[in-house]
Amino acid sequence: EPEVTQTPSHQVTQMGQEVILRCVPISNHLYFYWYRQILGQKVEFLVSFYNNEISEKSEIFDDQFSVERPDGSNFTLKIRSTKLEDSAMYFCASTPSQVNSPLHFGNGTRLTVT
Amino acid sequence: QQQVKQSPQSLIVQKGGISIINCAYENTAFDYFPWYQQFPGKGPALLIAIRPDVSEKKEGRFTISFNKSAKQFSLHIMDSQPGDSATYFCAASMLTGNQFYFGTGTSLTVIP
């Protein structure tokens with residue numbers, strides 16, 4: 001069964017540094033998402049992406065965050081200047097369509113900001 | 001504002017018992033209600049989902065009960081097994097939106 005793959009599985013960075021989290025969505029999917037999960041808490045929506053542009057974003061997704069689909073397969077999340085509170089599991093997800101399609105999640109990248 | 005409220009936070013069930021997790025929502029525009037199962041170190045995986053035009057959906061040992069008037073839905077796991085031990089999230093989304101709203105999760109432990 002096709003799956004969403006994320007790299008790296010764990011990223012440690014110092015406060016103020018830039019990080020790029022990478023994802024390869026399922027190949028025939030059209031909608032891409034980033035969610036995050038702070039340890040022990042609920043999964044929170046960050047951003048959705050369709051047709052090479054952001055379609056929706058949450059309050060969490062401020063100017064420090066950006067997303068990009070640099071080629072036909074990768075989907076990246078960049079955090080420009082990391083803060084301690086950015087430490088979380090970041091999940092990439094994709095769906096084949098917008099209408100009531102379940103999210104297919106990757107296994108996540110654990111970001112630790114020190 | 002918490003769009004989807006989930007309870008209990010944790011649940012311990014004996015093997016063979018029934019696990020019940022409840023969720024409530026506020027926004028009547030929600031029209032798709034999936035449940036996700038998450039094992040440690042893994043991303044959430046779709047378990048079962050329901051739309052509000054039916055009151056119940058069953059897949060194997062997993063059943064969603066949906067009460068549209070009360071704006072509540074629940075997951076029932078029959079004959080719970082130790083392998084069911086995981087965190088379960090309910091979620092909701094709207095036909096016209098991209099965003100899924102997740103509950104706070106329930107940590108289920110099934111004791112052999």
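Nothing in this text is a laboratory measurement; each read-out follows from the coordinates by a stated rule. Nothing here was measured: the structure is a model prediction, and the numbers come from that model. All Cβ positions, even for glycine, are placed from backbone atoms using ideal geometry, and neighbour counts span all protein chains on display.
For the protein assembly as shown, the average shadow cast by the Cα convex hull is 12.4 nm², which is a quarter of the hull's surface.
Pairs of Lys residues in chain B are counted when their Cα atoms are under 22 angstrom apart and they lie 8 or more places apart or on different chains; the count is 8.
Dividing the Cα radius of gyration of region B:56-112 by its Kirkwood radius returns 1.02 for Rg/Rh. Where the centroid of each part is defined by its Cα atoms, how far is region A:35-64 from region B:48-74 in Å? Between the Cα centres of region A:35-64 and region B:48-74 lies a distance of 27 Å.
Compute the Cα gyration tensor for region B:1-43, then decide on rounded, prolate or oblate, letting a ≥ b ≥ c be the square roots of its eigenvalues: rounded whenever a/c is under 1.5, prolate when a/b is larger than b/c in the other cases, and oblate in all that remain. It comes out prolate by the Cα gyration axes. Per-residue packing, averaged as other Cβ atoms within 10 Å, sorts the ranges A:105-111, B:83-89, B:40-46 into the order A:105-111, B:83-89, B:40-46, beginning with the highest.
Taking a ≥ b ≥ c as the square roots of the Cα gyration tensor eigenvalues, with a/c under 1.5 meaning rounded and otherwise prolate when a/b beats b/c, else oblate, which class fits chain A?
Numbers: a/c = 1.63, a/b = 1.57, b/c = 1.04.
Because a/c hits 1.5 or more and a/b exceeds b/c, chain A counts as prolate.
With both labels modelled 7 Å from their Cα along Cα-to-Cβ, the B:I18 to A:T7 distance reads 4.8 nm.
Entry for region B:1-98 at q = 0.20 Å⁻¹: log10 I(q)/I(0) = -1.02, Debye formula applied to identical alpha-carbon scatterers, no solvent contribution.
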